[in-house]
Structures are given as structure tokens and as C-alpha cells.
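Participant: My structure is below; once you've seen it, I'll send some questions.
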Amino acid sequence: MLFGYKPSKMEADSVMSSVNPKTSGILLEEFLTIVRKKKEAQLFRNEIRHIFTAFDRHYRGYLTLEDFQKAFKQVAPRLPERLPLEVFREVDQDSDGHVSFKDFEYAMNYGQNEA
């Protein structure tokens, strides 16, 4: 564990695979880059949680179509009324009528690792 963070085996293996076998570790710059990327990902996840919580006005831990409609109306009132329904159906991965934080986070992260 490092500063409250325990890297997965895959993360540790990835870091160690980049280490020059002739040296005893990684350069400070490489270490700082790894830590910075992890911190940025954590901050982005916190932002997603904050947005989800703002939409979840009843503190149920999931979003309904009504929550989506209210959020869309508040953020972009001129969008077509069918759009919140289309987005809701797309984000509700298991089609249970609720968008969990996991569903919401997946949708918010979609395409983030491309480019």
C-alpha cells in the first residue's frame, strides 16, 4: 500500500515491466507520472459521483427516467423531449428501469480511453 492506495497485481506488473533490469527501480519522473494519472482518474470518478448524486434527488442510489427528464430539462431545456428517454435506455444497461452508479459511470467513461 502506498499513500492509501493499493495497486492491483496487473498495475504493479505493468510498472515493473517498464523497469530497466540493469537498474534497481524506476525513475522519479516515471513514478510521478504513474501517480498523477491515478490521481486524475480518481478525481474524474469523484466528479462522476458528484453528478450522479445531483441527479439522484431522492438519494435512492439509482436514477429513474423521471430523474433523467428533470436533469435534462434543467441542463438543456430546448432539447427534444424524446432525448432523455433515448439516453436513459442506452445507459440502463440491464434494462431494469434504473440507472445504477455503475451504469452511469460506464456511460460517462465511454470513449475516454480513445484518442
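The values are calculated or read from the model by the stated rules, or taken from the named source; none is laboratory data. As the structure is a prediction and not an experimental result, all values here were calculated from the model. Cβ sites come from the backbone with ideal geometry, for glycine too, and all protein chains shown count toward neighbours. For accessibility, only protein heavy atoms count, side chains too; no ligands or nucleic acids. Shrake-Rupley method; radii C 1.70, N 1.55, O 1.52, S 1.80 Å.
Participant: With θ set to phi - 60°, apply the Karplus curve 6.51 cos²θ - 1.76 cosθ + 1.60 along the stretch 26-39 and write out the HN-Hα couplings as whole Hz, x wherever there is a Gly or Pro.
Facilitator: With the stated coefficients, the stretch 26-39 comes to 10, 6, 4, 4, 5, 4, 5, 5, 4, 5, 4, 4, 5, 5 Hz.
Participant: Return the calculated 222 nm mean residue ellipticity for the chain, to the nearest 500 deg cm²/dmol, obtained by summing -39500 (n - 2.57) across DSSP H runs with n ≥ 4 and dividing by the residue count.
Facilitator: Computed ellipticity for the chain at 222 nm equals -18500 deg cm²/dmol.
Participant: Given the pairs K38/K70; K39/K73; K9/K39; K39/K70, which are separated by over 23 angstrom at their Cα positions?
Facilitator: Over 23 Å apart, Cα to Cα: K38/K70; K39/K73; K39/K70.
Participant: What accessible area per residue, rounded to a whole number of Å², is obtained for the stretch 16-93 using a probe radius of 1.4 Å?
Facilitator: 81
Participant: Amide H of L63: which non-local residues (sequence gap of 5 or more, or other chain) have their own amide H closer than 5 Å, using H built in the peptide plane?
Facilitator: Placed amide hydrogens put V99, S100 under 5 Å from L63.
Participant: Further, regarding this structure: Calculate one ³J(HN,Hα) per residue across the stretch 41-48 by plugging θ = phi - 60° into the Karplus curve 6.51 cos²θ - 1.76 cosθ + 1.60, and present them in order as whole Hz with x for glycine and proline.
Facilitator: 5, 5, 5, 5, 5, 5, 5, 4
Participant: I'd like to compare 8-14, 47-53: which one has the highest average count of other Cβ atoms within 10 Å, and what's the full order after that?
Facilitator: Sorting 8-14, 47-53 by mean packing, highest first, produces 47-53, 8-14.
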